[in-house]
Amino acid sequence: MPSWSNWAGNVTCRPRQIARPASVADLQQLVATTDDPVRVAGAGHSFSPLCATDGLLLDLSLLTGVTAVDTARGTATIAAGTRLSDLGQPLREAGVGLANQGDVDTQAIAGATATGTHGSGSFGSLAAMVRSADVVLPSGDLVRQDGDDAGLALGLLGVLVSLELQVVPAYRLHERTWHGAYADAEAEWAAAADGARNLEFFWLPVLDACVYKRFAESTDEPWGDPPPPPQPPGTIERYLNPERVDWSYRVYPSQRTTRFIEMEYAVPAATAFATLAALRDLMRDRHPELTWAVEFRGQGGDALPLSPTQGADVVTLSLHSAPGDAWRPGFAAAEALLLEAGGRPHWGKLRGIADERLAALYPRLEGFRRRRRELDPSGRLLNDYLRPLFT
């Protein structure tokens, strides 16, 4: 039997079959003719075992490309296996771009939308950009779904084939990064927010310092030097870039060459700095083994049933560590703190919260479960990780 591992190496499985369909028709036949459970691997950039299966694991890396752009409607149709890194240039050539994205662009677009991947600023997740999608059901039928079904659904409502995304006119960003003491973080954030399109910072526990990243739209032609080669984790230099202006899709991504694992919680924006202060005390006083940066990002609310924002503006706090086991006690303590602060976890990242407690955080979960049972009554799109929560 073949084996599969995610990017970080913390999730592995042995599917009965790993298949790489060359066409939508091939994909339909694979799904319709197997009795095995079916999951889709995407780029493997989730840290939770969303993709793990002992059945059929689908690799959609041959189903790629921007297949249509409708500038009048402001939409682009994109094949499900397309990496975010391969979207920027063809979209710009058509005069459009994504309204926002995160600093990792190695994900497949279907996986990024299905897990609620997001960037910073007042924008919702990538899933909120989905207007419709073509989806293969467990029966093998190809159907069109609207954004509520085809957005943040964890691959539970069908195998995504292509997505129609809302796009915006192509734009350029002015990037500025700088660092300062943790004690000044709230004041720095308030001062930098005026006129910013995207704003975030990394708090470095060992140095008790913050490194800020601010993007603002610009009409300048591109200027400035490209980012330097990646520096070691835990250093200020890792997060500093030369000031520059460039097209948005070139500015958003950062190079992530060191493997890591991550836990992220969305917490109420109004109490985000108080939550970070409590997290800082926990990490420095009780869990000094957690030395990797904590990322602080604003995110706009969206109304999707499984959105961790549940329609409210939030701040996402992300903890990182090297793979292994040393992070487990500290992450567990941090998760308890983040839950107490009213947080909800990112679906594609690590969580230890029990399914029963997680279910209570999503008032529309039962409606999503009913829809899943309607489209997949035998539960073939579930795996051991997802079954307890979504049956």
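The values are calculated or read from the model by the stated rules, or taken from the named source; none is laboratory data. All values reported here derive from a predicted model rather than from experimental measurement. All Cβ positions, glycine included, derive from the backbone under ideal geometry; neighbour counts span all protein chains shown. Remember, those area values only see protein heavy atoms, side chains included, never the ligands or the DNA or RNA. Shrake-Rupley method; radii C 1.70, N 1.55, O 1.52, S 1.80 Å.
Within the chain, what whole-number % of the accessible surface is contributed by carbon and sulfur, with the 1.4 Å probe and all protein chains included in the calculation?
50 percent
In whole Å, what is the distance between the alpha-carbon centres of the stretch 108-156 and the stretch 86-104?
Each part reduced to its Cα centre gives a spacing of 17 Å.
Per-residue HN-Hα couplings for the stretch 193-201, Karplus 6.51 cos²θ - 1.76 cosθ + 1.60 at θ = phi - 60°, whole Hz, x for Gly and Pro?
Result, rounded to whole Hz: 5, 4, x, 7, 8, 9, 8, 7, 8.
How much mean residue ellipticity at 222 nm does the chain get from its helices, if each DSSP H run of length 4 or more adds -39500 (n - 2.57) and you divide by all residues, to the nearest 500 deg cm²/dmol?
-5500 deg cm²/dmol
Accessible area per residue, 1.4 Å probe, Å², for the chain: what's the number?
For the chain, the solvent-accessible area averages 40 Å² per residue.
Figure the gain on full extension for Asp208 and Asp355 (residue separation times 0.36 nm, minus the Cα-Cα span) and round it to one decimal in nm.
Fully extending the segment from Asp208 to Asp355 adds 49.5 nm.
Roughly how compact is the stretch 187-298, stated as its Cα Rg over 2.2 N^0.38 Å to two decimals?
For the stretch 187-298, the normalised Cα radius of gyration comes out at 1.16.
Just grab the label-to-label distance for Arg328 and Asp281, each label 7 Å out from Cα along the Cβ direction, in nm (one decimal).
Inter-label distance under the simple model: 2.8 nm.
If you split all Cα-Cα distances of the chain into 10 Å bins from zero, what percentages do you get per bin, shortest first?
Answer for the chain: a P(r) of 5, 23, 34, 26, 11, 1 percent.
Would you mind working out the magnitude of the charge dipole of the chain relative to its Cα centre, with +1 at each Lys and Arg C-beta and -1 at each Asp and Glu C-beta, to the nearest 20 Debye?
With Lys and Arg at +1 and Asp and Glu at -1, about 680 debye.
Take the Cα radius of gyration of the stretch 18-100 and divide it by 2.2 N^0.38 Å, with N its residue count; two decimals is plenty.
Cα-based Rg divided by the globular estimate yields 1.29.
Apply the Karplus parameterisation 6.51 cos²θ - 1.76 cosθ + 1.60, with θ equal to phi minus 60°, to every residue of the stretch 266-272 and state each ³J(HN,Hα) to the nearest whole Hz, in sequence, with x for glycine and proline.
These are the phi-based 3J(HN,Hα) values: 8, 10, x, 4, 5, 10, 5 Hz.
Students often get this wrong: which residues of the stretch 346-361 have the backbone nitrogen under 16 Å from the point 7 angstrom along Cα-to-C-beta of Ala336?
352-354, by backbone N distance to the label point.
So, with +1 on the Cβ of K and R and -1 on the Cβ of D and E, and no other charges, what is the size of the charge dipole of the stretch 304-391 about its Cα centre, to the nearest 20 debye?
Here the stretch 304-391 has a charge dipole of around 340 debye.
Between Val130, Val315, Val66, where does the largest GNM mean-square fluctuation fall for the chain, given springs only between Cα atoms within less than 10 Å?
Of the options given, Val66 has the highest mean-square fluctuation.
Would any residue of the stretch 231-252 have its amide N under 12 Å from a label point 7 Å out along Cα→Cβ of Arg176? List them or say none.
Backbone N within reach: 243-244.
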